[in-house]
Structure formats: structure tokens, C-alpha cells
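A.B. asks: The structure's right below; bear with me while I get my questions together.
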Amino acid sequence: MHKLIPIVVLVLTAHLGHAQTILSGKIRDGKGKPVHGASLAIKDSYDGAVTDSLGQFRFRTMEKGAQLLTVTAIGFRPYEQSLQLAGSPLTIDISLKEEPNELTAVVITAGTFEASDTKRTTVLDPIDIVTTASANGDVTGALKTLPGTQQVGEREGLFVRGGTAQETKIFIDGTLVNNFFFSSVPDIAMRGRFSPFIFKGTVFSSGGYSALYGQGLSSALILESIDLPEQTSANIGISPILLSAGYQKLAKKKNASWGVNYSYTNLAAYFAVIKQRPDNFKTPSFHNGEFNFRVKTSKTGILKFYGYFNYNELGMRRPDIDSTELKNEFQLTNFNVYTNLSWREKLGRRWRLNLGFSFSNNVDKINNELQDAANHRVNLTAVPYDTKSFRVHSTGNLTQVKLVLDRKLFGLSAFRFGGEYLYFQDDNDFSNYYVSKYRQTANDHYKAAFAETDIYITNDLAAKLGARMEHSSLIDKANIAPRASLAYKVGYQSQLSLAYGLFYQRPEKEFFLQNYVQDQLAFTRATHYIVNYQRVSKERTLRIEAFYKKYSELVKTYVKPAAGGYLPDSVGNGGHGDAKGIELFWRDRKTLRNVDYWISYSWLDTRRDYLNYPYAIQPNFAASHTASLVVKKFVSSWKTQFNASYTFATGRPYYNIRYDGNAGKFTIADQGETIAYHNLSVSVNYLPSIMKKDAKSFVVWVFSINNLPGSNQVFGYNYSYDGRRKEPILPTAKRMFFLGCFLSFGIDRTDDIINSNL
């Protein structure tokens, strides 16, 4: 019997072979390139295959008759084809159509650095910000190491691509922040009010930004606050200048949380050790409080509230520039409240809603006095001393609501639209030798509607088209601002982007509050043209960007000849200017072991004719060349992270612009260029709790020195009234030191630090 077995097997094999159908072929994309890793299957069977590196496949099936062949591949639309299986071999060639998805699609990035926990184009995250040596824990301090930004030390704000600080607008959860920085102090750049750790995402656009945002001629910084915390936690911070404590409570169901934070800062001890150039007779002190709650309204929705208040005061004296015996005393008391309520919800399969409401209140009380050598008030009626003693009480409120609806289209394509309403209320109460409690108000009902669409034509080609329409009741003017971006994938991990857009901005409130005669003020305008190339991988980022920006309708200040004065007393549109440049950004986490570094460089060529400039000149806040190097290294065995940053900028121009009464126009009486700017800063973070198993508390020691070598830095010059004397604007001290200890209970940020920097 056993002699018959081979014959039976042979007969069965022949029968089975005759019953099977062999399918083979090749799968290509729309450009004829082979698709590797595509899955094929006969529907409702176990028969199928996966394509090889040449896009080829071959498999057998026992199925017969009418069947359906299905094909799936990442980045392509699903494919189905009817087959008639009769045992004869079939050769099938298939062409798949691309379907954009977040993993493979091109990303529109012209003019924009994105940093969030969901974007694969991450450049800087909150850990990056607090570990950048020169940033001093300030969001905008870290952004100043990116291309496009200027190193301006005498005024707060982000100066981007030849634009003023007022041309950069900052948004939290979609709504405008009216007083992101602490109130201005003469010749000192104040830092931002908000902690980097309240934000999970940062979008810094140095131009060509989305139509969802407006009123920034140059740039937009878009910050998104965190959702629910990871778990219940507490934190304490201690340093010679700071005491802080906070608590975050996460509900057991992890569907809601609330938290409070308070900090008190007083620089008295620091100023006693590190001598300052101004006489700080009232050392700066800050009370800072925060409250938040977050509630999940559904599986896809969340309601978030963030509230902030700050009370601070300071006082300083400096020698008066017009006298060798007199002083100028400056005192500031500031109170600020900011609240933000936002609701994000998915409506059905394709709709998404974002609704935001915010209110802010800012009160500045300024007292400036001319004093003698004994610090007693002096009342002089002679020019220019007659106007040096004054009081200002200014109040600014901003109420706004914003609605954005998002409709998902095919693939990643989407259409979004909405509107916003902002009510600005500004009040200025001014007193000096000539006037008492002279009050000016400037209220504005600002309204805007916007629409924008993302169109993903293929994985390699995408476009963003949008426009916004705005109206300001203060100037009773409206505008329409179209914007467009295009991105094309030119290779693996690399792409080319183009951006164009019109951007409008209301004239600054000071022109309405300081008693200028206004000559039909209108929106100022900038037109952006941007070309961007970038190559991004997990370990490395390369960006090269060129831009051209044209200004028009900038505000000019004038002197009315009939008034016989020499100071600007009227304003109108009519200024113009332009800015062009090339920027480079390179970040590398791979080449040097355990080292993360980035390099940025900006070349800027800009001229503008605005305010009292006699003609188009390089503004005094713009340097032609700026470069930064940031290096971070974590040494595991020492449980320590070492950070260093170096920034260089060529000198900035300075001018003494005076009114020539005989010629009836402004002229440049003196000009020059400051010395080049150098700043080498270092910081060390020691984490003794790192890698401890089951640790319940976590400690971070921080020590930093800003401008370690003590390089001389000059930010410009102030001129005396007659122009015969000029004095450099210098930092308040050559170096800045910080030593602090921060304890957290419940959340270990060690992994964040390691993952971010290794």
C-alpha cells in the first residue's frame, strides 16, 4: 500500500496546482515609481501578498469565480479591482493614487517655525526655552536665537525682519494678548509675563502667517496652552530673588483639573551684591498669581480657563542728560490682569469648533521727577527742564471673542472660517507744569472676518489660500488682506515653500492718546514675499529662507509750521519702506554624541521713512547681520546639563534727528553706528533626582550667567536737548546671574529634558 502514497500525492498536487490561480504584477504610483510595502488580498480570504522594493508581487489563491482584489498602502487611496479567477495565471499592473496624510504629506512652513507636541516640524519646545542659556526662562528670549529676530536691549518686544516691536503680535489660544511684556521702563527691555510651561505649542511666524490672525505687520507668535496635566502635582521654587509655589489637581477620572500658582520676586538682595548702573531707590518687586481649570466636555472637546494677575513696582534715578547736577527719577506701579476662556469641540465627523473669549486690564502709574543732587524735586520753568516732571495714569482694557469653524474636506484638506470682535479701551491721564489731569481716550471696536483653506492636491503638493476683512471704528477704515502659501516636496524629508500676503495694522494708540493732530489716519500695510527651503528629520533641521517685505502707509509725524514749535504735533500716513534678507537655521542632535546644538544666521537690508525720519534710512533697531549658536549637553554620570549660547550682531545705526525751523523739515544732525553686539551666556542644570527609581520628589538646581565675559554692549545713544551731548544706552549691569532651586512633586520632567536634548 505504501508504494501507492507517492502516486496519490502526485495526483493531488497536480489537482491542487490546477485549481490554484497565480496572481502577479507590479504596483506603481502616479509618477510610475514602484510602491514598496503595499498590501494585496483577495477580499474575505487569507490569500494575499506584500510588494517588494520594486513594487512587484506574486501569490497563489484557491478562490475561484468572481472575486475582489483589494490594495492598501500608506500615503495612497485604497484600491479595489474585480477579478475572474479560473485557474489561469493573471498578471495585473496597478497604479495607486496618492492620499495625503500627516506622516507623508508636505507641510506649509514658509515663514513659520512650529513647536508643539503634535507637529513633526518641532523646532523649540518648552524645555528648549528654559534650557537656552541666554533666554533666562523667557519665551521671547529663546526665540531671539532664531533667525529673523534682532538683539534689541533697550526696549521690550520681538523685532522681526526690520519691523518694530509693535509689528509682532502675540496670541494665546487664538486670542490677542494686549500686554504680553511687563510695562516699559526707559532704556530697559522688559521680559515676558508668562511661564513657558503653561504652553504646549509654539508657532513663531516671522512672516506670511495665517489669515486667522491679524494686526501684525511683521510677525505673529501663536501660543497654545496645555490641556489636562499628566497627574496631580505640586512645585516649589527658591532663589535669592524668588519664592514660588504651585499646585495642580487632576480629577480621579482624568476629565478635569484645576491649579493655582503664586510667586514673589524682589531684586533687593541681588542689587545689593551686583551693582546696577541706575540708582534703584525702589527695588523692583513683583507679585504674580495664576489660576486655571480645564474640563473635558466630551471625548473630543475641552473647556480651558487661564487667569493671571501681576502687581509690580519699581523706582530708579539716572543723571539728567541736560545737566551735570540734576537727576531724573522714574517710578512705575503696574497692575495687570489677563483671563482667557476657550472651548474646543469636534462636531460630528467633519466639523470642529474653536471658541475663545479673553479680557485684560492693565494700569500703569508713572511719576517722573526732575531732582537735585539731594534727591529733592526741582521745579524749573526753562526749556527743556519745564517738561521733565510729569505724571501719567494710563488704563488699557481689551475684551475680545473669537469663533473659528473647521470643516474637514478630502484627505488632509480642510476649510476654516470665522470672525472676531475686539473692544479696545485706552485712557490716558497726563499732568505736567502746563496741564493738570489732561485726559485722552481711544476706544476702538475692531471687527474681522476670515476664511482659509488647506488644499492637499497630492502628498507632494499643498496650498493654503485665505483672506481676512477688517474694520476699525477708531479710524473708520476697512481692508481686505489676501494670503497664499504653496509647498512642494522636492525630495525625501525636504520641501520648497512660497508665501505671499497683505498685512494691515492699526496705528499705535499713542498717536491718539498723546494729543497729536491726526490727518485721516489709516491702516499701515506690509506686503510679504517669502521663499523657503527646509529639510527636516528627527535629528536634524535645515531651513533656508529669503524674504522681501514692502511697507506702505507707515505713520509719519510732522511739525505744523504755523505752530512755531520744534516737536512733532501731528501725524498722518505717508511713510514707506522695505526689508529684504536671507536667513539660515541648522539644528543637529546626531553628529556629536549627547550634544544638541543649533546655528542661526540672518542678513537684513532694510530702510524706512516713518515717524520723524527725514527720508528712508536704516532704522535704529535693525542690524545687518545677526548670528546665534546654542549648545546643550547632558552628562548622565554627573546628572547635569550644560548649556551655552553665543549671539553676535553687527552694530545698529543711531541718529540725532532734529527739526530745522529755517528749512521747515527734519534733518539728521548726528549719526553713527553702535559697536558690535556680543553675548556669551552659560547655564548649568543639576538634577540629583534623575534616574532614581520610584522617586516622589524631583529637584532641579539652576545656575546661569548672562554675558559671561562681560562684553561691552551699547544699544544706542540718547542726546541732550541741544544735541551737543550724547550718552550711550547700556545694560543695567555687565552680567546677570541667577541661582535657584526648583522642586516638583508628582511630575518628573527628567525624561522631557533627556529626550529633548539627547
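A.B. asks: Can you list the trypsin sites (Lys or Arg not before Pro) in segment 234-339 that are in a DSSP coil and have 10 or fewer other beta carbons within 10 angstrom?
C.D. replies: Counting only loop positions with at most 10 other Cβ atoms within 10 Å, the trypsin sites (Lys or Arg not before Pro) in segment 234-339 are 252, 253, 275, 299.
A.B. asks: Calculate the length of the line joining the C-alpha centroid of segment 422-470 to that of segment 171-229, in whole Å.
C.D. replies: Computed from Cα coordinates, the inter-centre distance equals 14 Å.
A.B. asks: If you don't mind, there's one more thing I want to ask. Between residue 735 and residues 5 or more places away or on another chain, which pairs have amide H atoms under 5 Å apart, with H built 1.01 Å from N, and which residues are they?
C.D. replies: none
A.B. asks: Let me ask you something else. At q = 0.07, 0.11 Å⁻¹, what log₁₀ I(q)/I(0) does the chain have when each alpha carbon counts as one equal point scatterer in the Debye sum?
C.D. replies: Evaluating at q = 0.07, 0.11 Å⁻¹ gives log10 I(q)/I(0) of -0.59, -1.33.
A.B. asks: Based on the Cβ-Cβ distance of residue 280 and residue 441, what FRET efficiency does E = 1/(1 + (r/R0)^6) give at R0 = 41 Å, to the nearest 0.05?
C.D. replies: 0.80
A.B. asks: Want the number for residue 527 to residue 80: 0.36 nm per residue separation, take away the alpha-carbon distance, what's left?
C.D. replies: Gain in length upon complete extension: 156.1 nm.
A.B. asks: How much length would be gained if the chain were fully extended between residue 500 and residue 230, taking 0.36 nm per residue of separation minus their Cα-Cα distance, in nm to one decimal?
C.D. replies: Result: 93.2 nm gained on full extension.
A.B. asks: At 7 Å along the Cα-to-beta-carbon direction for both residue 635 and residue 473, put a label point, then send me their distance in nm to one decimal.
C.D. replies: 6.3
A.B. asks: Something else about it: Assuming a strict under-26 Å limit between Cα atoms, what lysine pair count do you get for segment 613-723 once near-sequence pairs (fewer than 8 apart, same chain) are dropped?
C.D. replies: Lysine pairs satisfying the spacing and distance rule in segment 613-723 number 8.
A.B. asks: Here's something else I'd like to know. If you roll a 1.4 angstrom probe over the protein chains with everything in place, what fraction of the accessible area of segment 228-288 belongs to carbon and sulfur, to the nearest %?
C.D. replies: Carbon and sulfur together cover 63 percent of it.
A.B. asks: Which chymotrypsin sites (Phe, Trp or Tyr not before Pro) does segment 348-404 hold that lie in a coil by DSSP with at most 14 other beta carbons within 10 Å?
C.D. replies: In loop regions of segment 348-404 (DSSP not H, G, I, E or B), there are no sparsely surrounded chymotrypsin sites (Phe, Trp or Tyr not before Pro).
A.B. asks: Please give the charge dipole size of segment 567-712, origin at the Cα centre, charges +1 on K and R Cβ atoms and -1 on D and E Cβ atoms. Round to the nearest 20 debye.
C.D. replies: Roughly 1080 debye for segment 567-712.
A.B. asks: Further, regarding this structure: Return the calculated 222 nm mean residue ellipticity for the chain, to the nearest 500 deg cm²/dmol, obtained by summing -39500 (n - 2.57) across DSSP H runs with n ≥ 4 and dividing by the residue count.
C.D. replies: -1500 deg cm²/dmol
A.B. asks: Okay, moving on. Charges only on Cβ, +1 for Lys and Arg, -1 for Asp and Glu: so what's the dipole of the chain about the Cα centre, in debye to the nearest 20?
C.D. replies: Once rounded to the nearest 20, the dipole reads 1980 debye.
A.B. asks: Any idea how far apart residue 711 and residue 392 come out in nm if each label point goes 7 Å out from Cα toward Cβ?
C.D. replies: 3.2
A.B. asks: Follow-up. Using r as the Cβ-Cβ distance of residue 325 and residue 97, and R0 as 60 Å, what FRET efficiency do you calculate, to the nearest 0.05?
C.D. replies: That pair, residue 325 with residue 97, gives E of 0.15.
A.B. asks: Along the charge dipole of segment 238-339, pointing to its positive end and built from +1/-1 on Cβ of Lys, Arg, Asp and Glu, which listed residue (261, 240, 335) has its Cα farthest out?
C.D. replies: 261
A.B. asks: Please give the per residue accessible area of the chain, computed with a probe of 1.4 Å over protein heavy atoms only, in Å².
C.D. replies: 47
A.B. asks: Now a separate question. Quick one: 3J(HN,Hα) in Hz for segment 602-609, Karplus 6.51/-1.76/1.60 with θ = phi - 60°, rounded, Gly and Pro as x.
C.D. replies: 3J(HN,Hα) across segment 602-609, in whole Hz: 9, 10, 10, 10, 9, 9, 8, 10.
A.B. asks: Also: Could you give the nm distance between label points at residue 405 and residue 66, where each point is 7 Å from its Cα heading toward the beta carbon?
C.D. replies: A separation of 4.3 nm, rounded to one decimal place.
A.B. asks: Among 83, 384, 425, which residue has its Cα positioned farthest towards the positive end of the charge dipole of the chain, with +1 placed on the Cβ of Lys and Arg, -1 on the Cβ of Asp and Glu, and the dipole taken about the Cα centre?
C.D. replies: The listed residue farthest towards the positive side: 83.
A.B. asks: From the residues 681, 50, 413, which one has its Cα farthest along the dipole of the chain in the positive direction, the dipole being from +1 and -1 charges on Cβ of Lys/Arg and Asp/Glu about the Cα centre?
C.D. replies: Toward the positive end, the furthest listed residue is 50.
A.B. asks: Is there a quick way to get the dipole size of segment 544-609? I mean about its Cα centre, with the Cβ of Lys and Arg at +1 and of Asp and Glu at -1; what is the value in debye to the nearest 20?
C.D. replies: With Lys and Arg at +1 and Asp and Glu at -1, about 180 debye.
A.B. asks: So if R0 is 35 Å, what FRET efficiency would residue 480 and residue 675 give, r being the distance between their Cβ atoms, rounded to the nearest 0.05?
C.D. replies: Calculated transfer efficiency: 0.20.
A.B. asks: Hey, another quick one. Any idea what angle helix 5-19 forms with the longest principal axis of the chain, computed on alpha-carbon atoms, 0 to 90 degrees, nearest 10?
C.D. replies: For 5-19 against the chain, the angle is about 50 degrees.
A.B. asks: In segment 141-250, what GluC sites (Glu not before Pro) fall in a loop by DSSP, with at most 11 other Cβ atoms inside 10 Å?
C.D. replies: When the GluC sites (Glu not before Pro) of segment 141-250 are filtered for loop state and at most 11 Cβ neighbours within 10 Å, nothing remains.
The values are calculated or read from the model by the stated rules, or taken from the named source; none is laboratory data. Quick caveat: nothing in here was measured; it's all calculated off a predicted structure. Positions of Cβ are backbone-derived with ideal geometry, glycine not excepted, and every protein chain shown enters the neighbour counts. Side chains are part of the model used for accessible areas, which takes the heavy atoms of the whole protein and leaves out ligands, DNA and RNA. Shrake-Rupley method; radii C 1.70, N 1.55, O 1.52, S 1.80 Å.
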